[in-house]
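Here the structure comes first, spelled out in structure tokens, and everything after it is commentary.
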Amino acid sequence: MSKDLSTIAKNIKKHRAKLGVSQDKLSKLAGVTLHTLTKIETGATPNPTIDTVKKIADALGVSLDVLMK
């Protein structure tokens with residue numbers, strides 16, 4: 001596994017930190033499991049489904065594009 005985190009993982013972490021919410025809180029807001037969110041942020045799931053990323057983006061109050069660029 002690469003040590004480089006995906007752009008999506010970095011952006012989720014960045015926007016989550018800006019909001020000051022924990023992984024647990026964000027997972028509940030997004031309607032995804034904590035396990036799923038943790039795996040995305042740590043790079044264990046480098047290519048999450050678009051549906052999952054959309055749920056996370058909505059919970060963060062940002063567009064899908066913001067997380068993918």
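Just to be sure I understand, how many residues within region 23-47 are free of Cβ contacts under 8 Å to residues at least 12 places away in the same chain, under 21 Å from M68 (Cβ atoms) and of a type outside the set (S, T, N, Q)?
Residues flagged as free of Cβ contacts under 8 Å to residues at least 12 places away in the same chain, under 21 Å from M68 (Cβ atoms) and of a type outside the set (S, T, N, Q) within region 23-47 amount to 1.
For region 5-22: of the residues being over 15 Å from K69 (Cα atoms), assigned to a loop (DSSP other than H, G, I, E, B) and touching a helix residue (DSSP H, G or I) at 6+ places or on another chain (Cβ under 9 Å), which is most open to solvent (accessible area, probe 1.4 Å)?
Restricting to residues being over 15 Å from K69 (Cα atoms), assigned to a loop (DSSP other than H, G, I, E, B) and touching a helix residue (DSSP H, G or I) at 6+ places or on another chain (Cβ under 9 Å), the top hit is S22.
Report, by residue number, each residue of region 1-47 that is touching a Gly at 6+ places or on another chain (Cβ under 7 Å) and of a type in the set (A, V, I, L, M).
Scanning region 1-47 gives M1, L5, A9.
So which residues in region 23-69 are small (G, A, S) and either touching a Leu at 6+ places or on another chain (Cβ under 8 Å) or surrounded by 15 or more Cβ atoms within 10 Å (Cβ to Cβ) (or both), if there are any at all?
S27, A30, G43, A57, A59, G61
The values are calculated or read from the model by the stated rules, or taken from the named source; none is laboratory data. These numbers come from a predicted model, not from an experiment. Methodologically, a virtual Cβ is constructed for each residue, glycine included, from the backbone with ideal geometry; neighbour enumeration extends over all protein chains shown. Please note that ligands, DNA and RNA were not included when accessible areas were found on the heavy atoms of the full protein model with its side chains. Shrake-Rupley method; radii C 1.70, N 1.55, O 1.52, S 1.80 Å.
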